[in-house]
Amino acid sequence: VIEMTRPNGAQSDRSVGSRTGPLSGVRVADFCWMGVGSVATRLLGDFGAEVIKIETRKRIDTPRRLPFYKDGSALTYGQEVIDCDPNKGGLFNNYCRNKLGVTIDLGSPAGRDVAERLISTCSVVTENFAPGVMERWGFTYERLQELSPGVIYARMSGYGHSGPHQHYRSYGPTVQAVSGLSFVSGLPKREPSGWGFSYMDNQAAFYNSLALLVALLRRTRTGAGAEVDVSSVEVGVSLLGPILEEVATNGRRTRGDAYPTGNRLEWPQAAPHGVYPAAGEDQWIAIAVFEDEQWRQLAELINDGPATDERFATAAGRFGAHDELDQIVSAWTVTQNAADAAETLQRRGVPAGRVQNGRDLVEDDPQLAHLGTFFELDHPVIGPAKFEGVPLHFSRMRPDHWRSAPLLGEDNEYVFKQIVGLADAEYDDLVTQGVI
Amino acid sequence: MTDTNAELPALDGIRVVEIANDPAGEMVGKLMAQLGATVVKIEPPEGAPSRRVGPFAHNRAAPNPSLNFTHYNLGKQSAVLDLTEQERHARLAALLTDADVLLLAMTPHDAAHAGLDPDALAAAHDRLIVAWITPFGPDGPWANRLTSDLVGLALGGPLHTCGYDDHSLPPIRPGGNQGYQSAATFAAIGIALALIDRDKTGRGQRVDVPMHECLAVNTELAVPYWIYPRVVVKRQTCRHAQPSPTAPALFPTADGRFVYIVLVLADKKPWDLVVSWLAEAGMAVDLQDDRFSDPQYRQDNFSYIQNILECFFLIKNADEAYHEGQARGLPIGVLRSPEELYEDEHLASRDFFEEIDDGTGTHPHARSPIRIAGSAARPQRPAPLLGAHTAELLGRASTGVRSDV
């Protein structure tokens, strides 16, 4: 689904027009880089904020350098291509759509001066550096308040801006480890399986988006700006679920052989509840039986007669025979096409679904196609590419997808001349000096 | 211009009515209550389903409360209203006249069964924001499919990348109801965007939040890996699924725990940090020899280096390795169990856990991770007893509480 929110060929015209959406009129000096910060401010740009991404040419943002190329062979995440084109990276395109892009050398006094003049035109400043980096450039909350009274200063970090570990280095996987999210994921009696992606880069980003929106709401109602401090580790802990209460209230110790429980649930005692092999390589089907009738419906499909086995008639009986049930269910699923079997089960009222991979989501999922989840924008270097949409559908507003990610420094002239108000000669000087 | 209201909680004065059949909806209400909103949970006469799901306090069910319910419903009020009785919808309408948000979390079938029509409710209350979390969306080919946390994570994509190197094992669901949590986060964002819009336009609106779609945009790299190089990534134990295998990142420690660290061989700085750490423990072996200064040589001898590192961590306790490594500037993590979080000095110094009397005793509960300096956080209140606020909010008549039947 190509979502064209603008007439007149926005795909070829990359110049800035007026933005629509609830955040139109909000200008953001966005110092974010890497994953968490860029994903957090992406949402602001999607809904109309003028997000000005500030980059340095001396240290190219990692998502620009990672080899997510349409025409390249698939390299492992973390492998970087030497002397790569910073405008070719697909991950950056994914993270930075709908943003303006400028370059400033913040290591130079002239660069910091330009940054201050830019900040003074913005009502929101965002950053996800290690604590202390913004301060070294002089960008304390106090200074930002002088530059832009009522400013919202969003600080996104792994551990937060106080406490003995605030300078600890983190990224998604270590946040998942330290917050407990890795430990609670895995089969019993084995090492944790944890996470196969940086879930906490995403969730921390989304919580940072939410924190910014709440701060904006509060400013409208009270006039007060704020310094916002979101620690990814704390977000992770807050996502652990009822096990936190069980440990605190019942004194449960989770280290031992029985925890975590893999794909089985402890509460409610659902069985069979698991991920079962289907026909084909790496094909799986998830089945979650919560009710007796759901079991009867599943059992009817299986030939060997589990439907009549009285031991499986009750939830308690099934839960006690989970190992045996898993074998019975697997012996059936392994002969089935995952999507077809899931469809059959769903028609019978049994919660079930194929384990879908990235290809399945983008190419084959009829519900995502119906919702228009993936949309397309053109990019001068990358060409047309699909983007992950916002999973929110409003009755009176929609995301304003006006442009793919900025080329490095693409909007320097517009931002520094039109917004900051640099004279042509001053602008040219800064270019010559390598400041912007 | 700043007024004294700035010292109030960020969402002070916002009123939310929550009708939620799953943890996604309940989590949104909790998040908003933590930020200062008043959240009224509408429950059927028998109580919300989550009250009957364990674990239970002191490992015994009713009358002991469900800790599942406690977790997702801290700080809310509870009013009993039997919505299967159509005449009681007038009571709901009365409650919605001064509400800012109606939060629904249920399937299209259940909404129809309860007589809840989001469009009609939004139309009847011009300033109301009606947020509706559904498993797959209000319409479309899968609208009436059933879900669960496991099924949601499977269809939505995150599950495919989680599990073990051994692919004879199935993908493994990560813990903590993250399918529901993903929908909750986006629903809260949608509500906040609609509130911001209402400040400009004076009008509320409906916002739909399909959990399936929230998960499909929450795979991090699996979708970009398909969109760009068109590759399906492969699961690996407790580390990123990748196009091709990478080295293990989980290291067992002397105390039977684990640390997480990725050995970066290409860059000089992290390499030097690791080698100096090993040398201090007398375990650098020959890694300080000149030939290891060549990144290509390090790459060629990867498994040799990895073996040395495995031995090194086996003589260290996990916390020791975590703090020593971090002190040296290495991004290393310790795999904490839930009970260990309450002893973490960093979380303690940030006062992240708050001791409150939750009805079963005084216990620590996590605060909101959204910290807005200057806005106060009220002490969290316990999860409500069933119908504790019915009389106050709905009057005694026509609500479906047992006393009026």
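Throughout, read-outs are computed from the coordinates displayed, never taken from laboratory work. Just so you know, these numbers come straight off a predicted model, no measurement behind them. Cβ sites come from the backbone with ideal geometry, for glycine too, and all protein chains shown count toward neighbours.
For the range A:326-382, just the Cα set please: Rg and Dmax, both in angstrom.
16.1, 54
Give me, ordered by chain and number, the residues 5 or more places off B:Tyr164 or on other chains with an amide H under 5 Å from its own placed amide H.
Those qualifying (amide H under 5 Å, at least 5 residues apart or on another chain) are B:Ile172.
Please state the charge dipole magnitude for the protein assembly as shown, taken about the Cα centre, from unit charges on C-beta atoms (+1 on K and R, -1 on D and E), reported in debye and rounded to the nearest 20.
Computed about the Cα centre, the dipole is about 900 debye.
When we measure straight from the Cα of A:Lys386, which aspartates and glutamates land under 16 angstrom away, once same-chain ones fewer than 8 places off are left out?
A:Glu3, A:Asp46, A:Asp71, A:Asp360, A:Glu363, A:Asp364, A:Asp365, A:Glu376, A:Asp378, A:Asp400, B:Glu213, B:Glu220
Please report, to one decimal in angstroms, the Kirkwood hydrodynamic radius of the range B:251-300 built from all distinct Cα-Cα pairs. Numbers along the way, then the final one.
Details: mean 1/r = 0.0835 Å⁻¹.
Value: 12.0 Å, from the Cα pair sum.
Over the alpha carbons of the range B:273-314, what is the largest minus smallest coordinate on each principal axis, giving the biggest first in Å?
Each principal axis gives a Cα extent; for the range B:273-314 these are 26, 18, 15 Å.
So if we plug the beta-carbon distance of B:Arg291 and B:Ala376 into 1/(1 + (r/R0)^6) with R0 = 41 Å, what FRET efficiency do we get, rounded to 0.05? Intermediate results must be reported in sequence, preceding the final value.
Values: r = 60 Å, r/R0 = 1.47.
Efficiency for this residue pair is about 0.10.
Based only on other Cβ atoms within 10 Å, what is the fewest-to-most ordering of A:Cys122, B:Cys311, A:Cys32?
Numbers: A:Cys122 22, B:Cys311 12, A:Cys32 29.
Ranked by crowding around the Cβ, least crowded first: B:Cys311, A:Cys122, A:Cys32.
Need one number: convex hull volume per residue for the range A:154-234, Cα atoms only, in Å³. Walk me through the intermediate numbers first.
Working: hull volume 7.6 nm³, N = 81.
Cα convex hull per residue, to the nearest whole number: 94 Å³.
What stretch of chain B, leaving out the sites themselves, is the longest with no GluC sites (Glu not before Pro) in a DSSP loop having at most 12 other Cβ atoms within 10 Å?
On the way: sites that count: B:Glu46, B:Glu343.
By the stated rule (loop sites, at most 12 other Cβ atoms within 10 Å), B:47-342.
Let me make sure I get this right: for the range A:99-154, a, b and c are the square roots of the gyration tensor eigenvalues over alpha carbons, sorted descending. Under 1.5 in a/c it's rounded, otherwise prolate if a/b > b/c, else oblate. Which is it? Don't skip to the answer; put the middle values down first.
Values: a/c = 1.30, a/b = 1.14, b/c = 1.14.
Because its axes are fairly even, with a/c under 1.5, the range A:99-154 counts as rounded.
Towards the positive end of the charge dipole of the range B:18-89, with charges on Cβ (+1 Lys, Arg; -1 Asp, Glu), say which of B:Leu83, B:Ala33, B:Ala48 has the farthest Cα.
B:Ala33
Could you tell me which of rounded, prolate or oblate describes the range A:48-186, using a ≥ b ≥ c as the square roots of the eigenvalues of the alpha-carbon gyration tensor, with rounded for a/c under 1.5 and, failing that, prolate when a/b is larger than b/c and oblate otherwise?
Details: a/c = 2.01, a/b = 1.21, b/c = 1.67.
Because a/c hits 1.5 or more and a/b fails to exceed b/c, the range A:48-186 counts as oblate.
If you take all C-alpha pairs in the range B:1-66, what percent of them are over 21 Å apart? Please list the in-between numbers first.
On the way: 884 of 2145 pairs.
Summing the P(r) of the range B:1-66 above 21 Å gives 41 percent of all pairs.
Could I have the simple spin-label model distance between A:Glu281 and A:Lys58, label points 7 Å from Cα toward Cβ, reported in nm to one decimal?
Label-label distance for A:Glu281 and A:Lys58, simple model: 4.8 nm.
Going by how many other beta carbons lie within 10 Å of each one, how would you line up A:Ser232, A:Ser120, B:Ser148, fewest first? Each step should come with its number before you reach the end.
On the way: A:Ser232 31, A:Ser120 15, B:Ser148 25.
Starting with the residue having the fewest Cβ neighbours, the order is A:Ser120, B:Ser148, A:Ser232.
How long are the three semi-axes of the equivalent ellipsoid of chain B, in whole Å, if each is the root of 5 times an eigenvalue of the C-alpha gyration tensor, listed from largest down? The partial results should precede the final answer.
On the way: eigenvalues 455, 119, 84 Å².
Whole-Å semi-axes of the equivalent ellipsoid: 48, 24, 21.
Computed over the Cα atoms, what is the radius of gyration of the range B:64-165 divided by 2.2 N^0.38 Å, N being its residue count? Each step should come with its number before you reach the end.
On the way: Rg = 17.0 Å, N = 102, 2.2 N^0.38 = 12.8 Å.
The value comes to 1.33.
How big is D for the range A:226-305, in µm² s⁻¹ as a whole number, if Stokes-Einstein is applied with the Kirkwood radius of its Cα pairs at 37 °C and 0.692 mPa s?
200
Which ordering of A:Ile60, A:Ile82, B:Ile133 is given by a fewest-first count of other beta-carbon atoms within 10 Å? Before the final figure, lay out the partial values.
Details: A:Ile60 17, A:Ile82 5, B:Ile133 28.
Starting with the residue having the fewest Cβ neighbours, the order is A:Ile82, A:Ile60, B:Ile133.
Explain nothing, just compute: Karplus ³J(HN,Hα) = 6.51 cos²θ - 1.76 cosθ + 1.60, θ = phi - 60°, for every residue of the range A:396-403 in order, whole Hz, x for Gly and Pro.
10, 8, 8, x, 9, 7, 9, 6
Only helical DSSP H runs with n ≥ 4 go in: add -39500 (n - 2.57) per run for chain A, normalise by residue count and round the 222 nm mean residue ellipticity to 500 deg cm²/dmol.
Result for chain A, helices only: -9500 deg cm²/dmol.
In the structure displayed, which of A:Lys53/B:Lys76; A:Lys70/B:Lys200; A:Lys70/B:Lys316; A:Lys88/B:Lys268; A:Lys70/A:Lys417; B:Lys269/B:Lys316 lie more than 32 Å apart, Cα to Cα?
On the way: A:Lys53/B:Lys76 39 Å; A:Lys70/B:Lys200 41 Å; A:Lys70/B:Lys316 44 Å; A:Lys88/B:Lys268 26 Å; A:Lys70/A:Lys417 35 Å; B:Lys269/B:Lys316 23 Å.
Flagged as over cut-off: A:Lys53/B:Lys76; A:Lys70/B:Lys200; A:Lys70/B:Lys316; A:Lys70/A:Lys417.
Principal axes first, then extents: for the Cα atoms of the protein assembly as shown, list largest minus smallest coordinate on each axis, whole Å, largest first.
So the three principal-axis extents are 81, 64, 52 Å.
Report, in degrees rounded to the nearest 10, the 0 to 90 angle that the Cα long axis of helix B:318-327 makes with the longest principal axis of chain B.
The angle comes out at about 80 degrees.
What are the radius of gyration and Dmax of the range B:212-264, computed over its Cα atoms and given in Å?
Rg then Dmax for the range B:212-264, in Å: 14.3, 43.
What is the ratio of the Cα radius of gyration of the range A:293-436 to 2.2 N^0.38 Å, where N is its residue count, to two decimals? Could you put the intermediate results ahead of the total?
On the way: Rg = 27.9 Å, N = 144, 2.2 N^0.38 = 14.5 Å.
Dividing the Cα radius of gyration by 2.2 N^0.38 Å gives 1.92.
What does the convex hull of the Cα atoms of chain A come to per residue, in Å³, rounded to a whole number? Kindly include the intermediate steps, with their values, before the conclusion.
Numbers: hull volume 79.0 nm³, N = 436.
So the per-residue hull volume is 181 Å³.
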